[in-house]
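The values are calculated or read from the model by the stated rules, or taken from the named source; none is laboratory data. What you are looking at is a predicted structure, and each value in this text was computed from that prediction instead of being measured. For neighbour counting, all protein chains shown are included, and Cβ atoms are generated from backbone atoms with ideal geometry for every residue, glycine included. Remember, those area values only see protein heavy atoms, side chains included, never the ligands or the DNA or RNA. Shrake-Rupley method; radii C 1.70, N 1.55, O 1.52, S 1.80 Å.
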Amino acid sequence: MGEIILVQLGNQTSFCELLSENSNGKRIRVKIGRNKEAKLPLNRVLLKTGTTCNSHEEVVHFSERSRALMDEIDLKIAWKSLSGNEDIVSSVHIAEACGLDSNPYSIAAVLLSIEEDSTYFYSSDGGFGCHTEEAIETQMEKRSKECKRQKEISDLLTTMDKGELSLNLTKDQKSELNHIREYAIHGDRYNRSGRAIELLSQIRSGSNESIQIYAYNKLTECGVLDINYPREIDIAGIPKTFDNKVLLEASCLKDYPTSEEDILDLTGLDTFTIDDESTTDRDDAFSVVNDTIWIHVTDIRSLIPENCEIDLEASSRSATLYTPDIILPMLPSEISEGLGSLDPEQNRRCLSIKLDAATGESCFDWTIHHAKIKSDKSLSYRQADKILSDKDDPLHLTFSHVRESMQCHETARIRKGAFALNRPELSITVSEDKNIDVKVLQRNSPSRSMVAELMIVYNSLIGTYCADNRIPVPFRIQSDPEDSLPLEMPEGPFKWHSIGKLLRPAKLSTTGGIHSGLGVENYVQASSPLRRYLDLVVQRQVISYMSSKSNRYDDTEIGTIANIADTQFRTLRRIENDRLKYWFLKYLNAQHLEGPKEEVLKAIILENLDERPSNFELVDFPYRGKCHFPNTVKPGEQCYLQLNGVDLWHKSAQFSFKSTIQ
């Protein structure tokens, strides 16, 4: 049997049973509900009622009776009666001023009322003081504003739930809508996710993820977000525009600031670039004179001073981000599509490599030069393939010489253990009106193979130059596969999958070594300084050494820069893959679920795990997914699959097995 007391529990007041007090009088033990006990500081006690109880039901009865009396308490009337009293008033005085008896129920009701509405009285020295008229007016004004704000928020949530929003949102509505928007994009990563969930829970229950998806869908209905909004970019914190300081600096660039005294003039050579048709940032080219081949990579080092605003921004971005619907360049367009791009009829500086036919076992004798070129023609891969196939084309012999030289180099690499995974590449472009164009690019087309080999030659020779001269750069090394590769397999998805499982990941190192997959030593990436920051760093190292025999960065600095850039680069590649998958699944959804087509899809089974979804690759597209297969089918077999559903939020699709293809 204990006394009924009123205590502060968190943000609410509750009646409970007092069980005992500590001997020091600082803490008490109470019974909350039927069976739960708690220890509380003595200062949490608001009222000792003097009423004892024999059961939990008696505590509940006391609470209900006290709370019922709250309807008879008018604190405004009590304030008018007591406000002239300068002394502290008690809860008994307030109860009597409201016309109630001074019994424990009334006293408890007064405390509960003041706890609920502190407009007229405030706690002071064990009793209560009366607020001044000015203080009451201020509180009433604040309360009115808060009521108005809560109604505005309620109206915002109600209209959003209907897929509508007012065109004239108040300041508070805009602020709360921003919380919801950020949560819809970032989920629990958003630092005010708690506030967003609190708001959304008023109109939607469920898990945090389901609330986030609900918010995202509703905001797209309201036009706040595009249904195809690239959330991945925001989550990674990648800026979609350049800072004004960067743009100002880029607008002030005036060609190359240094003299051309040591620059080799190659503007008289026939020089060409080959890129995708949509490419606007051309960073590599080649020239041919007699049997000599030149490989050129645009000199960005001479355009961008180290630690300038442009350089710092490029370092932060790490690389250009390419997705089907958005491209976020590493460098401002004044450089990437202007002064740094190897456009036709424009004089451009390059870090160039001269290749001559070798007299020994190697394919080439070579030298590196700081040069100036002028591109004669910008070609697409389609145009270059036509030149290579048309013997009557004026450029056929020139391009064929380059191709044959590169084939010789590729053969030499293969003899050293290189292997080519000529897996097709999925290319997706999205127009402004959201039309999706899906193409499959063959990496082994004549011109693509030629250009790819030119870049391997360039990067490996730059790496060899750095290794020979002890220039610290981030070499890319790859250990031998864990087991012998199934090279005898027919070319196709099953072979690529089997080889991929055996490959060891490439690693960065400031010490040169073998890249087993490419079959070369001392491989670096230096061929794309417009698009990759590490390539620009390598270029700085090489040109600095060529001009002064000194290194701009030491081993430690290169290691730090490389690790930071590589981490960011992996993030960008993950985003590119995610966005590519998103748009491809959207394309599949439109073709096979929303449109009239319902035919099955051909696939190659890559594995068959007992009772678990297993990997497959579509025959017509280089897309891999998962599906349950019967135990009777084997990896490497072709089959028909039915597309049953697409989940664009999670970027996944549901397939079912139909039959094998005999």
What are the residue pairs meeting all of these: first residue in region 115-127, first residue without any contact (Cβ under 8 Å) to a residue 12 or more places away in the chain, second residue of a type in the set (Phe, Trp, Tyr), Cβ atoms under 9 Å, and 6 or more apart or on different chains? TYR122/PHE128
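Under the condition of being part of a loop (DSSP other than H, G, I, E, B) and at negative phi, which residue from region 636-662 is farthest from the chain's Cα centre (by Cα)?
Here is the first cut: in region 636-662, the residues part of a loop (DSSP other than H, G, I, E, B) are 636-637, 648-651, 661-662.
From what's left, at negative phi: 637, 648-650, 661-662.
On the way: GLU637: 36, LEU648: 16, TRP649: 14, HIS650: 14, ILE661: 40, GLN662: 43 Å.
Only one residue tops the list, namely GLN662.
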Just the residues that are over 22 Å from LEU339 (Cβ atoms), open to solvent by less than 40 Å² (accessible area, probe 1.4 Å), in contact (Cβ under 8 Å) with a residue 40 or more places away in the chain and in contact with a strand residue (DSSP E or B) (Cβ under 7 Å, 6 or more places away or on another chain), please, taken from region 354-379. LEU355, PHE364, ILE368
Report, by residue number, each residue of region 442-487 that is open to solvent by 30 Å² or more (accessible area, probe 1.4 Å) and without any contact (Cβ under 8 Å) to a residue 40 or more places away in the chain. GLN442, ARG443, ASN444, ALA452, ASP468, ARG470, SER479, PRO481, GLU482, ASP483, SER484
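State all residues of region 316-343 that are outside any loop (DSSP other than H, G, I, E, B), open to solvent by less than 50 Å² (accessible area, probe 1.4 Å) and closer than 22 Å to ASP255 by Cα; if no residue qualifies, say none.
Of the residues in region 316-343, the ones outside any loop (DSSP other than H, G, I, E, B) are 316-317, 319, 321-322, 327-328, 333-339.
Pick out the ones that are also open to solvent by less than 50 Å² (accessible area, probe 1.4 Å) and you get 317, 319, 321, 328, 335-336, 338-339.
Matches in region 316-343: ILE335, SER336, GLY338, LEU339.
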Please find, among PHE629, PHE584, PHE616, PHE569, the residue that is of a type in the set (Phe, Trp, Tyr), open to solvent by 30 Å² or more (accessible area, probe 1.4 Å), touching a residue at least 24 places away in the same chain (Cβ under 8 Å) and closer than 25 Å to TRP496 by Cβ. PHE569
Within region 409-441, can you find the residues that are more than 25 Å from PRO481 (Cβ to Cβ) and open to solvent by 60 Å² or more (accessible area, probe 1.4 Å)? THR429, GLU432, ASP433, LYS434, ASN435, ASP437, LYS439
Which fully enclosed helices (runs of 4 or more DSSP H) of region 17-98 have 3 or more residues being more than 23 Å from GLY127 (Cα to Cα) and open to solvent by 70 Å² or more (accessible area, probe 1.4 Å)? 56-69
Hits in region 290-309 (condition: open to solvent by less than 60 Å² (accessible area, probe 1.4 Å) and either farther than 23 Å from ILE462 by Cβ or without any contact (Cβ under 8 Å) to a residue 24 or more places away in the chain (or both)): CYS308
Say whether the condition of being in contact with a Ser or Thr (Cβ under 9 Å, 6 or more places away or on another chain) and more than 28 Å from ASP555 (Cα to Cα) is met by at least one residue in region 508-519. no
(1) open to solvent by less than 50 Å² (accessible area, probe 1.4 Å); (2) modelled with pLDDT under 95: which one isn't true of LEU641, the others all being true? (2)
Region 121-139, subset closer than 24 Å to VAL45 by Cβ and out of contact with any strand residue (DSSP E or B) (no Cβ under 7 Å at 6 or more places or on another chain), residue least open to solvent (accessible area, probe 1.4 Å): SER124
Do we find a residue being in contact (Cβ under 8 Å) with a residue 24 or more places away in the chain, within 22 Å of VAL440 (Cβ to Cβ) and open to solvent by 70 Å² or more (accessible area, probe 1.4 Å) anywhere in region 650-662? no
Scanning for something open to solvent by 30 Å² or more (accessible area, probe 1.4 Å) and part of a helix (DSSP H, G or I), does region 386-395 turn up at least one residue? yes
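With respect to VAL246, is the statement that it is in contact with a strand residue (DSSP E or B) (Cβ under 9 Å, 6 or more places away or on another chain), farther than 19 Å from ALA526 by Cα and among the β-branched types (Val, Ile, Thr) true? First the steps, then the outcome.
Details: in contact with a strand residue (DSSP E or B) (Cβ under 9 Å, 6 or more places away or on another chain): no; farther than 19 Å from ALA526 by Cα: yes; among the β-branched types (Val, Ile, Thr): yes.
Here the answer is no, as VAL246 does not meet what is asked.
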Tally of residues being under 23 Å from PHE128 (Cβ atoms) and part of a loop (DSSP other than H, G, I, E, B) across region 1-16: 2
Scan (1) touching a residue at least 24 places away in the same chain (Cβ under 8 Å); (2) under 21 Å from SER333 (Cβ atoms); (3) outside any loop (DSSP other than H, G, I, E, B) for the single condition LEU312 breaks and write down its number. (1)
Considering only region 603-635, state which residues are of a type in the set (D, E, K, R) and under 16 Å from TYR587 (Cα atoms). ASP620, ARG624
Restricted to region 182-223, and to residues that are closer than 26 Å to THR571 by Cβ and assigned to a loop (DSSP other than H, G, I, E, B), which residue is most open to solvent (accessible area, probe 1.4 Å)? ASN191
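Restricting attention to region 553-563, does a residue exist that is of a type in the set (S, T, N, Q), touching a residue at least 24 places away in the same chain (Cβ under 8 Å), part of a helix (DSSP H, G or I) and open to solvent by 70 Å² or more (accessible area, probe 1.4 Å)?
Keep residues of region 553-563 that are of a type in the set (S, T, N, Q), which gives 556, 560, 563.
Subset that is touching a residue at least 24 places away in the same chain (Cβ under 8 Å): 563.
Pick out the ones that are also part of a helix (DSSP H, G or I) and you get 563.
Of the ones still in play, those that are also open to solvent by 70 Å² or more (accessible area, probe 1.4 Å) are 563.
Within region 553-563, one or more residues are of a type in the set (S, T, N, Q), touching a residue at least 24 places away in the same chain (Cβ under 8 Å), part of a helix (DSSP H, G or I) and open to solvent by 70 Å² or more (accessible area, probe 1.4 Å).
Could you tell me whether region 272-287 includes any residue that is at positive phi, of a type outside the set (A, V, I, L, M, F, W, C) and at pLDDT below 95? First the steps, then the outcome.
To start, the set of residues in region 272-287 that are at positive phi comprises none.
No.
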List the residue pairs whose Cβ atoms are under 6 Å apart, where the first residue sits in region 268-288 and is under 16 Å from ASP385 (Cα atoms), the second is assigned to a strand (DSSP E or B) and open to solvent by 20 Å² or more (accessible area, probe 1.4 Å), and the two are 6 or more positions apart or on different chains. PHE272/LYS377; THR273/SER378
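Assess whether ILE514 counts as being open to solvent by less than 60 Å² (accessible area, probe 1.4 Å) and either in contact (Cβ under 8 Å) with a residue 12 or more places away in the chain or closer than 23 Å to GLN541 by Cα (or both). Outline the logic, then answer.
Details: open to solvent by less than 60 Å² (accessible area, probe 1.4 Å): no; either in contact (Cβ under 8 Å) with a residue 12 or more places away in the chain or closer than 23 Å to GLN541 by Cα (or both): yes.
Judged against the criteria, ILE514 is not a match.
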